[in-house]
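Peer 1: Take this structure first; my questions come after.
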Amino acid sequence: MIAARKGILACAMLLTLAACSAPSGGSSAPPEDTSSPAPTTSPFTSPKMSITYEIEGAFHTVSTELTTQGCTEKLFWAEAPESRNASLLLNKESVTGKSPQISAAILADNFVTFIGFGVPEFSEGESASRAVVVEAPGTAMVSPAPAGENPGLSKIDQSEGVSVPATVTVTVDCLR
């Protein structure tokens, strides 16, 4: 329980940092998408997330399995192995009048953080609730991955990152 709370706290700190790290002259909050809704059928059958972004006309996707998950009345949260490779916060409801906010981070060949908005689709199973978001629009900050051992997501320098349009697709469970 204590480890889970520490994980939530670390995740929240990381995602707060990601939301504040837009390059100068840019907006720290992505505009809400008003185009037609994204598909709601997840390509994932187990807890997983992917972030797709475009740099100089080329699309890139980073993905990870989500191994540690939980929820509260207001949000779903998840982390990847040892809480050091990825994190996710998915609000269940809007607090601003916009669609619920989604914050995600994945460390792969690059360090990619995502802030966006999307309306989760919820389903109830025998042992878990599931939230699915497909291709929610937002903004990614793509930064070089640190050399050597991962210092922890909240400690990765994003000062050399570039802000680009992105989408996130997530399937996450809340075990009962």
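Read-outs: derived from the displayed coordinates by stated rules, not from any lab. Here the structure is a predicted model, which means the values were calculated and not measured. Using ideal geometry, Cβ is built from the backbone for each residue, glycine included, and neighbour counts are taken over all protein chains shown.
Peer 1: Report, by chain and number, residues whose modeled amide H sits under 5 Å from the one on LYS92, excluding near sequence neighbours (fewer than 5 apart, same chain).
Peer 2: LEU75, PHE76
Peer 1: Run a plain Debye calculation on the stretch 51-176 (Cα atoms as equal point scatterers, no solvent) and give log10 I(q)/I(0) at q = 0.09, 0.11, 0.12, 0.21 Å⁻¹, rounded to two decimals, same order as the q list.
Peer 2: Debye curve over Cα of the stretch 51-176, log10 I(q)/I(0) at q = 0.09, 0.11, 0.12, 0.21 Å⁻¹: -0.25, -0.37, -0.44, -1.22.
Peer 1: How high is the FRET efficiency between SER159 and SER123 when r is their beta carbon distance and R₀ equals 41 Å, given to the nearest 0.05? Write out the running numbers ahead of the final one.
Peer 2: Details: r = 40 Å, r/R0 = 0.98.
After rounding to 0.05, the efficiency reads 0.50.
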